[in-house]
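Before any comments, here is the structure.
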Amino acid sequence: MRHFFFLAGALGLAQLASAQTTPAPGFTTLPGSTTEYKLFRRDAAGQYTAKKLDPANDAPYASRAGKVLLVHLQYRTDRDSLLMDSRQRQPGPVPVGLPPTAPRHGSIEEAMSLLVPGDSAVFRFNADTAFAQMRQPVPPFVRRAGSGLRLTIVPKELVTMEEMQARQQAMMAEQQKMMLEQQRTAKARAAKLLVQDDATIQAYLKEHKLNLKAKKTPGGTWYVITKPGTGAQPKPGQTVGVKYRGTILATGKEFDASSRHGDTPFEFTLGQGQVIQGWDQGIAALPKGSKATLYIPSPLGYGERGAGADIPANAILSFDVELVSITGTPTPQAAAPATPAKKKAVPAKKPTVRAKKAPAKKK
């Protein structure tokens, strides 16, 4: 299973040892190391008081090895400029996996392992040492802010690896559930809007006396052929070249046209979802050489999102198109499953001859 735990945060600080020998004001040296820290622990009354870490006596590491500490993290410069705040990346605490074996004495892992929910600690590391371990020069803005990096850790909860995995699985399941629900509601809205847009398009066609010429694809795109073509109709998998001019049906405002691109036909593979559904449906209905106008309901166009500043949300689109080329080989169609042969009935003296019926097409 994929774990998104990380130890010591975005700057990759692990097993850092400072070069200072005298701690900065307000800091204490971590036992066995020159790493500096300030620790505040909440007492029974809920008040935070300054404490010193005591690795020999303070909450043995053996009870925490291999567990997960949920923490909030902040990186700041010596002059308190914020470099990273985990709360800005995600609202909840960050899961930090504690090593399964005892960490090196004086390391950041050891310091992390000594913290408990209710603590608030600040660790200070030498910037040169930190970035040298990452094989990077100290950024100028960090150097100008002092010689140290400060990591603030606020532990919120300590859980087992199994508990963390269960939470992650539950979270992923909930996200999947929410995604499916969003898709369901979006599909329902699109179906309702498709009916409304269809009525709007029919009213437009009737008003402009195009209703007798207009046809509708099974998927819901209306089209009016203004110049019939003499070639074959394209099939899914073939590459088509189309000249076009697109407008918003309600306003007539042009938002794009092939004339804006050197009058070069726009090419795409039919039936592969490379264009909006209205184009896949409408172009497939035209013989090569045809000129036509497509009337595309918004769910078959750019839907609720729209497209840039020129195509608003839920806009019905109109495209004047010309199918100028068809190339390539159609995608092989899956063969229909064979119908099992029926056993022949014993004929009467004179078999009755029955006319065959054409199978109904699937809609």
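Table for the structure above
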item: Burial ranking of peptide ranges 309-321, 195-207, 278-290, 179-191 (average Cβ count within 10 Å, highest at the top); result: 278-290, 309-321, 195-207, 179-191
item: Per principal axis, descending, Cα span of the stretch 205-288 in whole Å; result: 36, 29, 24
item: Restraint check, 192/215; 253/288; 52/156; 177/216, Cα-Cα greater than 30 Å; result: 177/216
item: Reachable aspartates and glutamates from residue 206, criterion Cα separation under 20 angstrom, eight or more residues apart if same chain; result: 197, 198, 320
item: Extension gain (nm, one decimal) between residue 200 and residue 159, 0.36 nm per residue minus Cα-Cα; result: 9.0 nm
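Read-outs: derived from the displayed coordinates by stated rules, not from any lab. Just so we're clear, the structure is a prediction, and the values are computed from it rather than from any experiment. Cβ sites come from the backbone with ideal geometry, for glycine too, and all protein chains shown count toward neighbours.
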